[in-house]
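Have a look at the structure below, then the notes.
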Amino acid sequence: MGSIEESEREDDLSFSPSNEQVFSGVLTPKSPPRSFNHSPISKQREVEGLTTSGDSLRVLALSVVLAEQEGENLSGLSNNPDKAIFAVRENGTTCLMVEFAVRFLVPYDVLALNGIDLITEQASFTLPLGAEIEGKCASTESEIHISWKNREYILRIYFSKEFREKGVEVWKISKVQFVYDTSETSHFINAYNPGKHTASTHRLSALVTPAGQSFVCTAQQTLTLISSDHQKGITMSMYDIQIQPFDIASDFMFSEPYKCITDQRERLEETLPLILGFILGLIIIITLTVYHFHLKLTATQPQFPRDTSMYKNM
């Protein structure tokens, strides 16, 4: 099981992508020039009934076209029934991809049999493959929102880029937020004082990966989130991971993989006995070869008698 290192950072990564806006519309005759301010949105929108201070003018049609960002659920392509595949696309191009299996362990209170005391139960469930996806992409910050059960559960993962020592650029998970509802009875049975709660990480710096590469790890990576429900600790375990939130060169294709330290250590533990066995076998072969040549050399040398009395008659 891999552990997640935390750094001193606790900034929310909520942001809106800056996109160019294009307006087209038809106004009624004899209207003075007007200026309109519109905040960025992700879909085309029609607005009617705009009122000015001098006159009441009705806008017949006003279309706002922006760079469209959409989420796609590709879990049907997974060969692992527990592993989900999600993507966020901008203008028809993939800008963020997540492929992993996730399990949650959520503590909650239930009333004891005496009707007075509270005891803590554990709800254990996985991230469903049929979840709905939303997301945002930008040059240094991105995020993905995964929701299911009519948004009774929402998992938000925030990513950021930063420069480390010697000017090395990396990306990381900077925050994870999980919204859950203990009144949802399929996982929370007889919950005391049920309701919605939000759990978040604090000062998180997880899955640090060189920019332009995807993070790959088959070993389990565990995060601890602190809940608004009396500061309970929620465990979120991820495994069979491949994630890339920036710099995806090809549509629906991960870039060069960067393997986690846990996988590298496990691979070394698997290959080390083979390496040691090979070295030991090589030493045995060399020893036998040297001994064989030693026997051949000693066999060809003349043998002289050790008894010196034999030389008296010569």
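The values are calculated or read from the model by the stated rules, or taken from the named source; none is laboratory data. This is a predicted model, so every value here is computed, not measured. Quick reminder, even Gly has a Cβ in these numbers, built from the backbone with ideal geometry, and neighbours come from all protein chains shown. These area figures cover heavy atoms from the full protein model, side chains too; ligands, DNA and RNA do not enter into them. Shrake-Rupley method; radii C 1.70, N 1.55, O 1.52, S 1.80 Å.
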How do the pairs read when you match residues in region 250-279 that are part of a helix (DSSP H, G or I) with residues anywhere that are surrounded by 15 or more Cβ atoms within 10 Å (Cβ to Cβ) and at pLDDT below 65, using Cβ under 8 Å and keeping only pairs 6 or more apart or on different chains? ILE261/GLY2; THR262/GLY2
Being charged (D, E, K, R), open to solvent by less than 40 Å² (accessible area, probe 1.4 Å) and touching a residue at least 24 places away in the same chain (Cβ under 8 Å), is that true of even one residue in region 112-133? no
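Give VAL176, VAL102, VAL170 a once-over and let me know the one that is farther than 20 Å from TYR239 by Cβ, modelled with pLDDT of 95 or more and out of contact with any Phe, Trp or Tyr (no Cβ under 6 Å at 6 or more places or on another chain). Please lay out each step first, then the result.
Numbers: VAL176 fails: farther than 20 Å from TYR239 by Cβ; VAL102 fails: farther than 20 Å from TYR239 by Cβ.
The conditions single out VAL170.
Among the residues of region 76-91, write down those that are open to solvent by less than 40 Å² (accessible area, probe 1.4 Å), charged (D, E, K, R) and closer than 22 Å to SER237 by Cβ. Reasoning before the result, please.
Residues of region 76-91 open to solvent by less than 40 Å² (accessible area, probe 1.4 Å): 78, 80, 83-89.
So of that shortlist, the ones also charged (D, E, K, R) come out as 83, 89.
Within region 76-91, just LYS83 meets the criteria.
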What is the number of the single condition among (1) open to solvent by less than 30 Å² (accessible area, probe 1.4 Å); (2) within 25 Å of ALA112 (Cα to Cα); (3) in a strand (DSSP E or B) that ASP229 does not meet? (3)
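Among the residues of region 219-232, is there at least one that is farther than 30 Å from ASP181 by Cα and β-branched (Val, Ile, Thr)? Outline the logic, then answer.
Of the residues in region 219-232, the ones farther than 30 Å from ASP181 by Cα are none.
Looking through region 219-232, none of the residues is farther than 30 Å from ASP181 by Cα and β-branched (Val, Ile, Thr).
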Starting from region 220-237, take each residue that is under 16 Å from GLY195 (Cα atoms) and list its partners that are of a type in the set (D, E, K, R), counting only C-beta distances under 7 angstrom and pairs at least six apart or across chains. none
Unique match (being closer than 30 Å to LYS259 by Cα, open to solvent by 30 Å² or more (accessible area, probe 1.4 Å) and over 17 Å from the mean Cα position of the chain (by Cα)) among ARG151, ARG164: ARG164
